[in-house]
Structures are given as structure tokens and as C-alpha cells.
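Okay, so here's the structure we're looking at.
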Amino acid sequence: MPGNSTSESVLQIKGRLHVSHKKVLEYLKRHNQATRAEIAKATGLSNQTLTRLTKQLIDLNIIAETSKVSGLRGQPAIYLRIISGVFGCIGVVFEHDRIVVLVDDLSGENLIRLSQEGTFLTAEIAVKSATAMLDELYTKIPPPLNVLGIGISISGFFTNIEGRICSQQDPQGWSKINWQETFSSRYQCPCYVENDGCAASIGFSLSKAGAKLHSFFLILFTLDIGGGFVFEGELVNGTYGNAGEIAALFSRDLNSARPTEGSLYNHLSKVWDGPVTNEKIVSAFNQQDTNIMSWITACIETMKFPLKSIQSLLDPEAIIFTGRLPIEIQQEFSKKVIVSGPSYGDVFAPTPKILVDYDQNILEKGVTAIPAFYFFKSS
């Protein structure tokens, strides 16, 4: 059975890294490269401590110094970066219409990506397809790469059994599978399961934009809608891993507008002739097509209560829009949605910023970031 042939090497290296080493690596992952002074300022580590830590990481062949660059006062600045090909993370994205498996280097570079389009509503078919793709993927991983783990993203909510998640379609089939055990035992490496909203939130938290925010709630627009809350760099999971289940705040009426790709395609397929495509949607939006604009207006109305709930319960610094809906539509949402909080008389509570993350691959980046995220957070 394919697996992490270098797992012993991973364990040996992991055993020599402590929390402060991981702080350095986490900062470099977010920023691609940085000087020692920048890392010290961001992490609170002393210059002396940081010099010692970075030397150890260089000796372990995990990070390297880049070429010297002249500073503002003519002083040479030495940048550090994560070396490619040392650590990697595997991701598996389960969606109703496709499965993606991929390997990203710890530095964030995608090394391998395999995708299969189809209908993956039943758990049995989804697992069979995913394992076949992972088996192929493992044959393509370059031998020096040490796999930190497998991240899995599934649309749905967790039951009270660890590693089990219930998806909207075939709920009995999906909830019977212990996803962590299934994949960790087969591929002999740690496995981490998150719903899609939380996976995307982890990906955004490890980006440069996410690192600047004290807290944020991310809303993921896919075939359905997902969410995740990050506070001070930590994902807020809740007791069973279900914090952020924003989909439950929207009507389940199939005829009502929902800010999802599935709802948009269903709506337009009833009023347009011919197939609905992303290109056709963007073109029609740019022409202010009344069918699209009326759907957007209806979605904005349905978003009022969920957004007010997020603001009132969590008080995030920002609400992030991202996902598979066309960026143009997400931008329109961000301009027109109104987030309201508590008010007394003419005094209103501050409201969060609404930001659009333009990386529509954030879910894929997020799922491969899951093993790194938990690696950085481990003691």
C-alpha cells in the first residue's frame, strides 16, 4: 500500500523542532521570505534566540539564506526562506461534482494536482475515487519530500464521533466512515478532517492578508455555503468541530435564492436558453442582466440575518467572501450587503470590514495547509 516512505525522517526532524522553531516556519510560510529582524518583531523572539533558531533550521536543511539585498541605508539584508522539497502536505477536496487531490510544498508551491470531474454524492463512490487518485499521486511524489500529513475537506457537519462527517447527500453513507482512520492507516501518516468552510479559513489564516487580521469569519461560496471563524490565528472548532455552520442560518427552501453556485446555476438554467457557464455568467453580469441582478438582490436580502448573527455573536474584525462564485458577484455582494449589530438610540456598535479574497483556489490551498496548520500549533 502506498504511504509515506520517509515517515521516520519526518519523525526525526519533528522531534528536533519545538514551538519557537515552528513560529519561525509559520511566519516564513505566510510571507515567502523575511529577514531575521522581521521575524523577531512579529514573533516576539529575541535577536539572540532567533539567530540560534535559524542556524538550527539551516543546519537541518529546512530553511536557507537568500542572496543579500541592499537595505535603505546601504546595509545588506539577508532573507530567509523555506527550502523547497523538504516538507510537503497532501490535500483531498471532496465536492459534489469533483474530487481534487494535490501535494503542496510547505513553502506553498503546488507540486502535483489531480482532479476528477463527476457526480460524487455517495460516500462509497467518493472514497473509491479518492483512494485511486491518492495511490497515483503517491507514485509521483519525489523521494526527498517528507509528507507532514493529509488534509481532507468535506462539505457537511461532524457527528459526535471523531473523524466522522455527515454530508447532505447520502448522509448515512458519509457519516459511517471514519475518515481520519481510513486515510491515516492506508497511507501511514497523520490525517486531519475539516469541513470545507474551516479548511478554507485555515488556508486564509496562513496567507499574508489573513495574518494581518486579529479575527475573521470566512464565508465560502461553493455549490452550497460554508464558514469558519479564526481568532488570533486559531481556528475556533466548537465542541464537535461544527463552529461556523453558517448554512444552517439560510432557508432550505430550494426555490429561494441562496448565495451559492448551485443556486445561481439552478436559477439561470430556468430562464436562459442553453447551458450555463461561468464565462456566460460573467458576460451577462457585466451587461447588468436582469436575471442575475434580481438573483443578487434576493441573495443580499437572505444574507442579512446570517451576517447580523456573525457580527452579534463573534464580533470579527472582518468577514471574508471567497469561493467558486464569480469574483464579480462576490464583489457586488461586498458592496451592497449591510452588516448590522446592536444599537441604542443613535449609537451603533462597530461593524466588520467586508473583504473579498480573490484566490478562488483558497479551498485547495486550505486543505493542503491543514497538516501544516496543526504542525505549527503542536507543542
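The values are calculated or read from the model by the stated rules, or taken from the named source; none is laboratory data. Remember, it's a predicted structure, so these values are computed and weren't measured experimentally. FYI the Cβ positions are ideal-geometry reconstructions off the backbone, even for glycines, and counts take in every protein chain you see. Please note that ligands, DNA and RNA were not included when accessible areas were found on the heavy atoms of the full protein model with its side chains. Shrake-Rupley method; radii C 1.70, N 1.55, O 1.52, S 1.80 Å.
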Would the range 134-143 turn up any residue that is outside any strand (DSSP E or B), within 18 Å of residue 261 (Cβ to Cβ) and open to solvent by 10 Å² or more (accessible area, probe 1.4 Å)? no
Which condition breaks for residue 142 when tested against (1) at pLDDT 90 or above; (2) in contact with a Gly (Cβ under 7 Å, 6 or more places away or on another chain)? (1)
Which ones in the range 213-262 are in a loop (DSSP other than H, G, I, E, B) and open to solvent by less than 30 Å² (accessible area, probe 1.4 Å)? 213, 222, 224, 233, 241, 243, 244, 250, 257, 258, 259, 260
Over the range 242-279, the set of residues under 23 Å from residue 164 (Cβ atoms) and modelled with pLDDT under 90 is 252
State whether the residues of the range 17-34 include one that is part of a loop (DSSP other than H, G, I, E, B), more than 30 Å from residue 196 (Cα to Cα), at pLDDT 80 or above and open to solvent by 30 Å² or more (accessible area, probe 1.4 Å). no
Unique residue being more than 30 Å from residue 88 (Cβ to Cβ), in a loop (DSSP other than H, G, I, E, B), in contact with a strand residue (DSSP E or B) (Cβ under 9 Å, 6 or more places away or on another chain) and open to solvent by less than 60 Å² (accessible area, probe 1.4 Å) when the list is 341, 274: 341
Yes or no: residue 149 of a type in the set (Gly, Ala, Ser), farther than 15 Å from residue 130 by Cβ, surrounded by 19 or more Cβ atoms within 10 Å (Cβ to Cβ) and in contact with a Cys (Cβ under 6 Å, 6 or more places away or on another chain)? yes
With 170, 224 as the choices, which residue is out of contact with any strand residue (DSSP E or B) (no Cβ under 6 Å at 6 or more places or on another chain), of a type outside the set (Phe, Trp, Tyr) and on the phi < 0 side of the Ramachandran plot? 224
